[in-house]
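Heads up: the structure comes next, in structure tokens.
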Amino acid sequence: MPELPEVEVLVRHLAPLVRKRTIQRAIVRRSRVIEPSTEEQFVKKLRGATFLELARRGKYLLFEMRAAKGQEFPLVGHLGMTVRMYLLPAKSPLPKHAAVVLEMGGENFVFEDTRYFGRMTLDDSAIAALGPEPLGEAFTAEYFQVALQRSSQAIKVKLLDQQLVAGVGNIYASEALFRAGISPRLAARRLKPLQVTRLRETIRQTLRDAIKRGSTVPLNYSGEGDRDGLFYFGSAPDAPDFYEERLQVYDRAGKPCRVCKTPIRRIVQGARSTFYCPQCQKA
Ligand SMILES: [Zn+2]
């Protein structure tokens, strides 16, 4: 499932492609992905609208739009599990799972989703509920410390709480805890101040590294191409398997820890898999 780094890479790629472009017509082929907007609202609002800017907030894409009549409004995208967003020449046939198509003259903006867990909606209430950006200034050690003190949940589970910090998901929560040497089972309020400081740093490092790496991987944003298991948009044919080598613990159950050779362990917390090294993450 895409997390903050994957969304950030996509936003950086898409922003210059859509900026200042005007939508002539919006077509909704799967109304589930625009919920809770209705098809009528969606199509009407986007007709003649212009993309002003594209930003990321947590795991959401935030398109800043200007309506044909002039007022600005948000269009919110979420990648779900299998979404791809890209531009396609208008004369190319639409893929089977194109859920939303925004016609922009010579090109179409395509929102493709094979499983329909993604979203492209006028409703921005999910954005308002998000906690601070982990790479932003509001995510201070003081803030993190106070927020964790109020929680008896296991730290791994707490890190997935988007109101605590926006954009960290299952993969990078496991990775950041490994780098910090903290057990995923430790109750959030039991972390010592030094552990909190260290974890804040490793969260930021882990995300920054993933963004950096994601920005260098040769990706295939549209059409066919093998998905590498992490990137929803698939790597280009013949690209090396970056997914395997970039992760320290995630999805490596039974394989030797890259630091101490102890087999990585998988446990289930809050119905999600957690991966960790029982030797390196004793604290
Ligand atoms: Zn280890």
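Inspect all residues belonging to region 220-235 and state whether any of them is crowded, with 20+ Cβ neighbours inside 10 Å and either within 11 Å of the ligand (Cβ to nearest atom) or at pLDDT 95 or above (or both).
no
Taking the condition modelled with pLDDT of 90 or more and either more than 10 Å from the ligand (Cβ to nearest atom) or farther than 23 Å from residue 186 by Cβ (or both), does residue 250 pass? So that I can check it myself, show each step before the final result.
Details: modelled with pLDDT of 90 or more: yes; either more than 10 Å from the ligand (Cβ to nearest atom) or farther than 23 Å from residue 186 by Cβ (or both): yes.
Yes: the conditions hold for residue 250.
Need the failing condition index for residue 55 against (1) part of a strand (DSSP E or B); (2) farther than 23 Å from residue 2 by Cα; (3) of a type in the set (Gly, Ala, Ser), just the number.
(2)
For region 24-47, which residues satisfy the criterion of being among the β-branched types (Val, Ile, Thr), farther than 17 Å from residue 83 by Cβ and surrounded by 15 or more Cβ atoms within 10 Å (Cβ to Cβ)?
Of region 24-47, the ones among the β-branched types (Val, Ile, Thr) are 27-28, 33-34, 38, 43.
With the extra rule that they be farther than 17 Å from residue 83 by Cβ, the set shrinks to 38, 43.
Matches in region 24-47: 43 only.
Among the residues of region 1-49, count how many are acidic (Asp, Glu), farther than 19 Å from residue 117 by Cβ and touching a Gly at 6+ places or on another chain (Cβ under 6 Å).
Number satisfying all stated conditions: 0.
List the residue pairs whose Cβ atoms are under 8 Å apart, where the first residue sits in region 251-264 and is closer than 12 Å to residue 280 by Cα, the second is more than 8 Å from the ligand (Cβ to nearest atom) and of a type in the set (D, E, K, R), and the two are 6 or more positions apart or on different chains.
Sorted first by the residue in region 251-264, then by its partner, the pairs are 263/255; 264/252; 264/255.
Would you pick out the residues in region 89-141 that are farther than 22 Å from residue 20 by Cα, among the small types (Gly, Ala, Ser) and surrounded by fewer than 16 Cβ atoms within 10 Å (Cβ to Cβ)?
Of everything in region 89-141, those that are farther than 22 Å from residue 20 by Cα, among the small types (Gly, Ala, Ser) and surrounded by fewer than 16 Cβ atoms within 10 Å (Cβ to Cβ) turn out to be 92, 125, 128, 129, 136, 138, 141.
Suppose we filter region 1-23 for residues that are closer than 14 Å to residue 84 by Cβ and among the charged types (D, E, K, R); how many remain?
Residues flagged as closer than 14 Å to residue 84 by Cβ and among the charged types (D, E, K, R) within region 1-23 amount to 1.
The values are calculated or read from the model by the stated rules, or taken from the named source; none is laboratory data. Values in this document were obtained by computation on a predicted structure and should not be read as measured data. Note: ideal-geometry Cβ built from the backbone for every residue, glycine included; neighbour counts use all protein chains shown.
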